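As structure tokens, the structure follows; a few thoughts come after it.
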Amino acid sequence: MNRRSFLIQTGSTITATSTLFSLNIDAATLSNLQTIQGAWLSQQQWQTLAVVQEHLFPSESDAPGAKEIQATHYLNVMLTHPKSDATERDLIKNGIVQIDKIAQDSYSKYFTLLSTEQREAVLRHLETEKSGKQWIRLLLEYIFEALLSDPIYGGNPNGIGWKWLAHQPGFPAPPKNKRYYLL
Amino acid sequence: MSYDFDVCVIGSGAGGGPVAFTLAKAGYSVLVLEKGPWLTEKDFFKDELACCRRNIYTSNLREEPHVVEMETDEGGWTSQSTYQSGWNFWNGNCVGGSSNFMSGFFHRLKPVDFKLRTVFGSIEGADVADWPISYADLEPYYDKVEREIGVSGRLISHPHAEPRSRQDFPYPPTAEHPISKYIDEACGQMDLHSIPMPRAILPYSALERQGCSYNGYCGSYACATGAKGSSRAALLDRAVATGFCQIRPNAMVSRIISDQTGKITAVEYYDKNGQRQLVDAKIVVIACQAIETARLLLNSPGPKHQNGLANNNHLVGKNLLFAGGGAGSGRLPYAKFSPAKAAELRQFAGPFVNRSIQDWYIIDDPTFGVRQKGGTIDFVHLHPNPIARATRQIRGRSGLLWGKPLKEKVKAHFLEGIYLKIEAFCDWLPIPDCYVTLDPSVKDKWGLPVARIRVGFHVRNLQVGWYLAERGAEVLKQMGAENVISFAAGAPPTNLVAGGCRFGNDPKTSVLNANCRAHEVENLYITDGSFMPTGGSVPYTWTIYANAFRVAENIVEQLGGNK
């Protein structure tokens, strides 16, 4: 399947079956993923990643989830800035490949098309392997960074994560031109 | 004969600052060589990613690793590069060194710490030695640190209080969180002495520095106001202002060159552009923190120093010290207390806890054994770094937590109570299996052999650490804390390091003489924590500062007094 037909297919999936197999990605986010995210992952992989993040850190009516804290965008920033490390990009990518393989082997579907229970089963399966567990842990750590780091890094928009946890950030806050990877 | 400088100081932290300051004030020309960059208050922000998760203020472990040897369960030794393990033994590579990032919990040693062997006798498996100086010799310099660095506190009397020449601290205590009075209350009920902990932090503007902003992010962060008494803010800025002190940042000293007589003739370093440079001085002072100081000496053989500078007795790097001890924590759930008290406990943890107990500085408890050296228990806020706090919740009882259960746990952690931590400090006994050598194969980005650190520990560290941590935990319980845990571990705290070039009167058993001059090299002094034969049961910084002031006065004298 080429990239374009995949996008069309998943696009139609979103509109047609969103109540059954919710991708948890709204149109704006999807468009964001398609245009902004780096080419180090395919569009399909970006979507798998976003869905994994939302499963690990779901949105709630009274609490932000991966979507609200811009976890996918944050991860891309962290893995593509001037001092980022290609080996870590490979690590993330390999995990996504692994996730979709388990999903295909178990349910003959993409991870993004699985039910919440099936997604949980796939991730728990992945967790039984040492490298899989490390991968999930790494994603969770990046999620918490997106939740609680300074908004200059691309997560925690308007301090949404700090507000949720009544956390008072320190001062002086870092300005954008002093992001650690520019120093 | 002319020299580039009177004194060349290698390293700009708590060991180097007092020397540069004292010599420059006395009118001698001083060059400070610092491996890292020269950052100032305007460069420091409260950015958890920068300071603590990406460690941008310490050397890159890929380019500059250490190799650590740890004991295996079978009693053998296994080694790993810190680039692989991520275990960081760097503590702050910039002008001012790790003193930029300290919490500034300042305790003096006590008279007993200078003569542990005489007072308590030898300990099987350890090489405990008395110091060649006494507390009385160092006291004037502890006092000097209070005034020059700026130490805030409030004196109370307690059984293990050390004598002091001045009535009280020059600065009143920094602002305190309401939780401190509940520590006092619990200690009162337990007949313990809750000591207001002295801090190297200015409560208000003084010494041409601003006071504390109480924004809650202190330890591990560099201070953006100058209130924290780092070597840079408190000493080097003033040293430079005399016109006699020059600081060269981004200067990595690679080797110290000595001649046929054993005397140092030049210091070799690589500048920012990787160019090799030479500089000479009448006197060379090394203060790179214990591990790197030993490494530099070992990397500097000469005609009279085949095994490395000042190492003809193979003592350089030996008897490395960390800090023994334990830790613990408990949570005061808001729901458990009256609304008024809960509101107090909920207050922002910007103001400090500032409490210690030293009732067990000597343990005289028959259920524990013979009368022996104990230590200090500090009470501190849980470090506020929110990403670190949140990620600690990921580990569940069986496997990883994620989804709503993880979110619930994180929410409860942040919102339902205040945590109080204890940190217990006891002696890290000097033993034959804790030392620095050069790694035979791993090199840093300049091609220099890196330090290989064996981190064996004496079981006594653990026993005393457990004992103290349990005593601290009892106070937490008395306060009404829940989920109280306490523990000790054998792994070294990498931010509390000393020893490796112990001082003493006998050149056969020590590297330095009582004035911290190398027995074998007449123009070499070492002024970081390397000199300590035993470390005491408190963090080292105040003692390193005080001793460096003491040695600096000796150097002034050797050069002919004030100009």
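Taken together, the values in this text are just the output of simple stated rules run on the coordinates, not laboratory data. Fair warning: this is a prediction, and the values are worked out from it, not measured in the lab. Here the Cβ is made from the backbone with ideal geometry for all residues, glycine too, and neighbour counts use every protein chain on show.
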(request) Quickly run through the range A:150-183 and pick out the residues that are more than 7 Å from chain B (Cβ to nearest Cβ), in contact (Cβ under 8 Å) with a residue 40 or more places away in the chain and of a type in the set (Phe, Trp, Tyr). (result) A:Trp164, A:Tyr181
(message) Quick check on A:Thr116: is it under 18 Å from the mean Cα position of the chain (by Cα), surrounded by fewer than 16 Cβ atoms within 10 Å (Cβ to Cβ), under 23 Å from B:Lys409 (Cβ atoms) and at the interface with chain B (Cβ under 10 Å from one of its Cβ atoms)?
(response) yes
(request) Note down all Cβ pairs under 8 Å where the first residue falls in the range B:126-141 and is closer than 15 Å to B:Arg166 by Cα, the second is assigned to a loop (DSSP other than H, G, I, E, B) and of a type in the set (S, T, N, Q), and they're at least six residues apart or on different chains. (result) B:Glu139/B:Ser165; B:Pro140/B:Ser165
(message) So, B:Gly417, is that one within 12 Å of chain A (Cβ to nearest Cβ) and not β-branched (Val, Ile, Thr) or not?
(response) no
(message) Looking at A:Pro64 and the list (1) surrounded by fewer than 16 Cβ atoms within 10 Å (Cβ to Cβ); (2) within 13 Å of another protein chain (Cβ to nearest Cβ); (3) not hydrophobic (A, V, I, L, M, F, W, C), which single condition is not satisfied?
(response) (1)
(request) May I ask you to list pairs of residues, at least six apart or on different chains, whose Cβ atoms are under 7 Å apart, with the first in the range B:394-413 being under 14 Å from A:Arg124 (Cα atoms) and within 9 Å of chain A (Cβ to nearest Cβ) and the second being surrounded by 12 or more Cβ atoms within 10 Å (Cβ to Cβ) and acidic (Asp, Glu)? (result) B:Gly399/A:Glu127; B:Leu400/A:Glu127
(request) Working carefully through the options A:Leu147, A:Leu123, A:Leu138, find the one that is within 8 Å of chain B (Cβ to nearest Cβ), in a helix (DSSP H, G or I), aliphatic (A, V, I, L, M) and under 25 Å from B:Leu382 (Cα atoms). (result) A:Leu147
(message) I need the strands (runs of 3 or more DSSP E) fully contained in the range B:377-483, keeping only those with at least 3 residues that are of a type in the set (Ser, Thr, Tyr).
(response) B:434-443
(message) Please determine whether any residue of the range A:145-154 is surrounded by fewer than 14 Cβ atoms within 10 Å (Cβ to Cβ), within 24 Å of A:Gly38 (Cα to Cα) and not charged (D, E, K, R).
(response) no
(request) For A:Pro58, indicate whether it is within 12 Å of chain B (Cβ to nearest Cβ) and under 12 Å from the mean Cα position of the chain (by Cα). (result) yes
(request) Among the residues of the range B:50-67, write down those that are surrounded by 22 or more Cβ atoms within 10 Å (Cβ to Cβ), more than 20 Å from the chain's Cα centre (by Cα) and at the interface with chain A (Cβ under 10 Å from one of its Cβ atoms). (result) B:Ala50
(message) Considering only residues that are out of contact with any strand residue (DSSP E or B) (no Cβ under 7 Å at 6 or more places or on another chain) and buried (at least 16 other Cβ atoms within 10 Å of the Cβ), which ones fall in the range B:136-150?
(response) B:Leu138, B:Glu139, B:Tyr141, B:Tyr142, B:Asp143, B:Lys144, B:Val145, B:Glu146, B:Glu148, B:Ile149
(request) Taking the residues in the range B:337-373 that are under 32 Å from the mean Cα position of the chain (by Cα) and in a helix (DSSP H, G or I) as candidates, determine which candidate is farthest from the other protein chains (Cβ to nearest Cβ). (result) B:Leu345
(message) Just the residues that are without any contact (Cβ under 8 Å) to a residue 24 or more places away in the chain and more than 9 Å from chain A (Cβ to nearest Cβ), please, taken from the range B:374-392.
(response) B:Arg392
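Being aliphatic (A, V, I, L, M) and over 17 Å from B:Pro507 (Cβ atoms) is the filter; apply it to the range B:123-141 and report the residue that is farthest from the chain's Cα centre (by Cα).
Here the residue is B:Ile123.
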(message) Against the definition (in contact with a Ser or Thr (Cβ under 8 Å, 6 or more places away or on another chain) and touching a residue at least 40 places away in the same chain (Cβ under 8 Å)), how does A:Ile99 come out, yes or no?
(response) yes
